[in-house]
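Heads up: the structure comes next, in structure tokens.
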Amino acid sequence: MLPYDPTRSVRDKKQPLSHLPTISRASAQDVEVIRNAQELAILNQVPQNRKPFTLLNVRDVTRKGKVSRKSGDGRPWTEMWNEVQKLCKGFESELAEEDESEDLKRKKYLPCYPTTVVYGHAAKRGLDIKRWTKGIDTGCVYGRRLTALVFGDLKHKDIDDAGDSEELEELRFGDSGKARLVSVKCRAP
């Protein structure tokens with residue numbers, strides 16, 4: 001999933017994170033409602049995200065803004081996602097004006113809250129944990145490992161009868177949440 005249409009500037013008024021999402025006046029003060037609307041806008045207003053191919057196969061984005069299913073064809077989508085999420089500083093953030101210099105524009109934030117994406121279908125990358133993207137495909141289909149991202153009670157641990165589970169790490173999730181990665185060995189196909 002792409003955070004913005006790469007054929008335009010991230011600050012273009014047609015980009016979903018460059019402005020507050022359209023919601024009813026009654027919901028305008030409810031941060032969760034606005035966040036949900038923001039996430040729907042990313043899915044519906046970024047043209048590439050409306051194509052199932054993109055959501056299932058994106059690996060890189062070329063310089064021309066085309067989605068590629070091959071790693072190494074351009075910039076990894078996860079790099080784009082994490083870079084943009086760093087600019088999200090809440091719905092009160094100031095936007096850059098169109099006539100400001102590029103240096104000044106880069107220092108401005110976007111009126112959004114960061115969103116975390118958990119993804120799979122990328123076994124070649126393996127475990128790919130970044131601040132706002134969590135790639136957990138560790139190649140079970142190839143006989144390697146199956147990895148899960150566990151939310152909630154991080155103190156609770158199940159006993160693994162086979163003895164092949166591994167708790168990888170605790171990590172930050174979202175604004176203030178925590179999760180842990182758990183991995184088990186898979187049988188060869």
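The values are calculated or read from the model by the stated rules, or taken from the named source; none is laboratory data. Quantities reported herein were computed from a predicted structural model and do not represent experimental measurements. As a convention, Cβ positions derive from the backbone with ideal geometry for all residues, glycine included, and neighbour counts pool all protein chains shown. We work out accessible area using only protein heavy atoms, side chains counted, and drop any ligands, DNA or RNA first. Shrake-Rupley method; radii C 1.70, N 1.55, O 1.52, S 1.80 Å.
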Solvent-accessible area of Arg8 with every protein chain in place, 1.4 Å probe, in Å² to the nearest 10: 100
Added length on full extension, which subtracts the Cα-Cα distance from 0.36 nm per residue, Arg144 to Asn57: 29.2 nm
Heavy-atom accessible area order for Leu55, Leu149, largest first, 1.4 Å probe: Leu55, Leu149
Cross-link pairs Lys64/Lys178; Lys66/Lys86; Lys70/Lys108; Lys14/Lys178 - those with Cα-Cα distance over 28 Å: Lys64/Lys178; Lys70/Lys108; Lys14/Lys178
Protection proxy ranking of 131-144, 57-70 - average other beta-carbon atoms within 10 Å, highest first: 131-144, 57-70
Accessible area of Asp5 in the full protein assembly, 1.4 Å probe (Å², nearest 10): 10
Region 1-73 - convex hull of the alpha-carbon atoms, volume per residue in Å³: 88
Carbon plus sulfur fraction of accessible area for region 1-71, probe 1.4 Å, in percent: 52
